[in-house]
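Structure record follows, encoded as structure tokens.
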Amino acid sequence: MKEDLKEDLIGRIEANISRVVLGKADAIRLCVIGLLAGEHILLEDVPGVGKTLIGKALAKSVSGDFQRIQFTPDLLPADITGSSVLDAHKQEFSFHQGPVFTNILLADEINRTTPRTQSALLEAMNEGQVTADGQTHDLPRPFIVIATQNPLEFEGTYPLPESQLDRFLLRISVGYPDRDDERSVLTSHRQGEPVDTLESAVSIEQVLELQNAVRRVKVDESMSDYILDLVEATRNCDDLHVGASTRGALAFYRASQAAALASRRDYVVPDDVKQLAVPVLAHRVITKGYLHGGQREAIEALIGRLVEEVPVPD
């Protein structure tokens with residue numbers, strides 16, 4: 001793909017999302033990085049700040065298939081993956097695909113469903129396939145899960161286990177808008193929900209081409225060592241009980257390539273790595289004296305401190 005075309009497509013995606021998600025350039029850029037990397041995204045923040053909005057805007061910016069699942073305590077695994085149904089005429093079972101058979105799946109409030117149902121997404125997220133009744137069914141490409149959750153409400157929720165958190169490339173906070181942007185939000189909603197009128201900016205084929213271009217982004221050996229130095233720092237940190245995994249290191253590497261492409265470069269620089277350390281690593285580590293869900297700010301500050309301590313390559 002030509003360089004100017006790549007830049008045009010990436011700019012088109014970001015501009016399209018920015019039409020309805022106001023004042024959130026950093027969150028939009030991280031979501032685009034996740035899309036370019038072809039990996040899954042966890043949007044975690046308090047209710048009402050636009051988690052579902054940014055997920056829908058990203059999904060609608062791509063012309064592929066999009067499905068949304070509202071996760072609830074009574075949701076069953078088959079409600080996600082699909083199930084075998086008896087055909088009365090043929091007297092045989094046939095598999096009926098569930099909503100997971102899509103290009104972009106919005107898993108809204110993923111921590112409100114039971115661990116059994118949450119685990120139904122594990123194979124899909126990791127392998128790009130679903131196994132039902134001994135048969136394996138491939139998912140469309142690309143397949144990306146955009147999940148949302150509220151980190152502060154614990155009543156009636158089921159925190160995602162570490163093994164599932166590790167499947168998300170990025171954990172992103174949306175945050176409150178500033179006053180001017182929030183005033184614009186009020187104005188833009190006079191005639192209804194703007195995201196409902198949003199049209200696609202790129203085709204699914206163009207997204208696949210961009211994802212292939214990410215894998216061709218050059219990573220100098222010094223940049224690989226810098227990524228590994230940061231990962232190793234989490235493992236040797238006295239304040240952490242568990243550091244980032246090898247899957248985390250690979251995710252860090254791929255995200256850095258995607259960040260470089262999003263910045264219109266075909267090579268990774270230290271700033272690509274530094275800006276991604278918190279969203280890539282913070283949800284993959286466990287502090288000593290760990291209490292699930294209550295230490296996000298402390299962990300992110302700790303990762304930020306490690307970034308400052310680890311030497312940057314020349």
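We did not get these values from a lab; they are worked out from the coordinates using the rules stated. This is a predicted model, so every value here is computed, not measured. Ideal geometry is used to build each Cβ from the backbone, glycine not excepted, and the neighbour counts take in all protein chains shown.
What shape does the stretch 117-255 take by its C-alpha gyration tensor, where a ≥ b ≥ c are the square roots of the eigenvalues and a/c under 1.5 counts as rounded, a/b above b/c as prolate, and the rest as oblate? Walk me through the numbers on the way to the answer.
Values: a/c = 1.37, a/b = 1.26, b/c = 1.09.
Verdict is rounded for the stretch 117-255.
Out of Val307, Gln257, Tyr226, whose Cα points farthest toward the positive end of the dipole of the stretch 217-314 (charges: +1 Lys, Arg; -1 Asp, Glu; placed on Cβ)?
About the Cα centre, the residue reaching furthest to the positive side is Gln257.
What is the fewest-to-most order of His89, His283, His189 by other Cβ atoms lying within 10 Å of their Cβ?
Numbers: His89 6, His283 21, His189 11.
Exposure proxy ranking, most exposed first: His89, His189, His283.
Given N residues in the stretch 109-179, what is its alpha carbon radius of gyration divided by 2.2 N^0.38 Å? Spell out each step's value before the answer.
Numbers: Rg = 14.6 Å, N = 71, 2.2 N^0.38 = 11.1 Å.
Relative to the 2.2 N^0.38 Å estimate, the stretch 109-179 comes out at 1.31.
Please compare each pair in Lys51/Lys288; Lys24/Lys274; Lys51/Lys274; Lys218/Lys288 to a cut-off of 28 Å on the Cα-Cα distance and tell me which ones are over it.
Values: Lys51/Lys288 30 Å; Lys24/Lys274 19 Å; Lys51/Lys274 24 Å; Lys218/Lys288 37 Å.
Beyond 28 Å: Lys51/Lys288; Lys218/Lys288.
How large is the convex hull of the Cα atoms of the stretch 1-61 per residue, expressed in Å³ as a whole number?
On the way: hull volume 5.1 nm³, N = 61.
Considering the Cα atoms of the stretch 1-61, their hull volume per residue is 83 Å³.
In terms of Cα to Cα distance under 18 Å, which aspartates and glutamates are near enough to Lys56, apart from those fewer than 8 places away along the same chain?
The qualifying aspartates and glutamates are Glu14, Asp26, Glu39, Glu44, Asp45, Asp65, Asp108, Glu109, Glu193, Asp196, Glu199.
Which percentage, to the nearest 5, of the DSSP beta bridges contained in the chain is antiparallel?
Approximately 40 percent, going by the DSSP bridge assignments.
Taking amide H atoms as placed 1.01 Å from N in the peptide plane, list the residues 5 or more away in sequence, or in a different chain, whose amide H sits under 5 Å from that of Gly82.
Gly98
Only Lys, Arg, Asp and Glu count, each charged at its Cβ (+1, +1, -1, -1), so figure out the dipole size of the chain about its Cα centre, rounded to 20 debye.
On the way: 32 positive and 48 negative charges, 70 e Å.
The dipole magnitude comes to about 340 debye.
Taking amide H positions as placed in the peptide plane 1.01 Å from N, state which residues far from Leu106 in sequence (5 or more) or on other chains have amide H under 5 Å from it.
Placed amide hydrogens put Gln67, Arg68, Ile69, Ile146 under 5 Å from Leu106.
Taking the inverse of the average 1/r across all pairs of different Cα atoms in the stretch 217-314, what Kirkwood radius in Å do you get? Could you put the intermediate results ahead of the total?
On the way: mean 1/r = 0.0739 Å⁻¹.
In the stretch 217-314 this quantity evaluates to 13.5 Å.
Just the Kirkwood number for the stretch 33-94, please: inverse of mean 1/r across all distinct Cα pairs, in Å, one decimal. Please list the in-between numbers first.
Values: mean 1/r = 0.0663 Å⁻¹.
Every distinct Cα pair counted, the radius reaches 15.1 Å.
Could you please tell me the mean projected area of the C-alpha convex hull for the stretch 29-153, averaged over all directions and given in square nanometres to one decimal? Present the calculation step by step, with values, prior to reporting the outcome.
Working: hull surface 34.6 nm².
Projected over every direction and averaged, the Cα hull of the stretch 29-153 covers 8.6 nm².
Could you give the semi-axes, largest first, of the ellipsoid that matches the chain, computed as the square roots of 5 times the alpha carbon gyration tensor eigenvalues and rounded to whole Å? Intermediate values should be presented prior to the final figure.
Numbers: eigenvalues 180, 119, 96 Å².
That gives 30, 24, 22 Å for the three semi-axes.
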